1. Quick one: count up the residues across the range 123-150 that are small (G, A, S) and under 18 Å from V63 (Cβ atoms).
2. State yes or no: is G82 small (G, A, S), farther than 19 Å from R35 by Cα, at pLDDT below 90 and outside any helix (DSSP H, G or I)?
3. Taking the residues in the range 95-145 that are of a type in the set (F, W, Y) and touching a helix residue (DSSP H, G or I) at 6+ places or on another chain (Cβ under 8 Å) as candidates, determine which candidate is surrounded by the fewest Cβ atoms within 10 Å (Cβ to Cβ).
4. Could you tell me how many of the residues in the range 44-75 are over 14 Å from A26 (Cα atoms) and at pLDDT 95 or above?
5. Filter the range 85-129 down to residues that are free of Cβ contacts under 8 Å to residues at least 12 places away in the same chain and not in a helix (DSSP H, G or I) and give me whichever is nearest to the chain's Cα centre (by Cα).
6. Out of curiosity, is L54 more than 13 Å from the chain's Cα centre (by Cα) and more than 18 Å from P110 (Cβ to Cβ)?
Amino acid sequence: MVLALVQDDAGYRIVYLLHIATIVAAFSGAMVGARLQAAGRADAGAAGSIGRVLADLTTKMHVPALALAGLFGILLIVLSDGYEMSQSWISIAFVLWFAMLGVMWFLLRPAQVAAAGGDADAGKKTAMFTGIIHLLFLLMLIDMIWKPGL
C-alpha cells in the first residue's frame with residue numbers, strides 16, 4: 001500500500017511541484033508581514049506604505065496562491081492511486097483551507113487596508129489575524145504530515 005502512494009508519474013510530480021510552490025507564495029506574506037508591520041509601528045511615516053503593500057500583496061498574490069494551492073491539492077488526490085476524498089485527513093485539510101481563505105480575505109485583508117489608512121486598532125487586528133494564519137498553517141502541516149485517519 002505504501003508503494004501505491006509513491007507516484008512516479010511526471011504529471012503528478014508537476015502538480016505536486018505547483019502545489020508546494022503556491023503554498024510558499026501563499027504563506028510568505030504571513031511570515032514576513034508581521035515583521036514588516038512591527039517595523040512600521042516604529043516609523044509612523046512608513047506604516048502606511050507598508051500597510052498598503054501588504055494589503056496589495058494579500059489581495060493579488062497570497063489569497064490567489066492559497067486558492068491555487070488547494071486546487072492543486074485536490075488534483076493531487078484525483079491523480080493519486082492511494083488517496084480518496086473520503087479520508088479524514090483530507091476532510092480536515094478542506095476545513096483548514098476554507099478557514100485560511102476566510103481569515104485572509106475577510107479578516108486580514110480589510111485589517112491591512114484599515115491599518116494602511118492609519119487606524120492603530122487595525123494594526124493590532126492585523127497582528128492577531130496573522131497569528132491565526134500562522135496557527136492554521138501549522139495545523140495544516142500537521143494534518144499533511146501525520147494524515148490522521150489514514
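The values are calculated or read from the model by the stated rules, or taken from the named source; none is laboratory data. Keep in mind it's a predicted model, so treat the numbers as computed, not measured. Glycine gets a Cβ as well: all are built from the backbone with ideal geometry, and neighbour counts include every protein chain shown.
1. Step one: list which residues in the range 123-150 are small (G, A, S), which gives 123, 127, 131, 149.
From what is left, the residues that are under 18 Å from V63 (Cβ atoms) are 131.
Of the residues in that region, 1 qualify.
2. Working: small (G, A, S): yes; farther than 19 Å from R35 by Cα: yes; at pLDDT below 90: yes; outside any helix (DSSP H, G or I): yes.
Criteria met by G82.
3. Step one: list which residues in the range 95-145 are of a type in the set (F, W, Y), which gives 97-98, 105-106, 129, 137.
Then drop every residue that is not touching a helix residue (DSSP H, G or I) at 6+ places or on another chain (Cβ under 8 Å), which leaves 97, 105, 129, 137.
On the way: W97: 20, W105: 16, F129: 20, F137: 18.
So, considering only residues that are of a type in the set (F, W, Y) and touching a helix residue (DSSP H, G or I) at 6+ places or on another chain (Cβ under 8 Å), the one surrounded by the fewest Cβ atoms within 10 Å (Cβ to Cβ) is W105.
4. Of the range 44-75, the ones over 14 Å from A26 (Cα atoms) are 44-53, 74-75.
From the residues that got through so far, the ones that are at pLDDT 95 or above too are 74-75.
Of the residues in that region, 2 qualify.
5. Among residues in the range 85-129 that are free of Cβ contacts under 8 Å to residues at least 12 places away in the same chain and not in a helix (DSSP H, G or I), the one nearest to the chain's Cα centre (by Cα) is M85.
6. On the way: more than 13 Å from the chain's Cα centre (by Cα): yes; more than 18 Å from P110 (Cβ to Cβ): no.
No, not satisfied.
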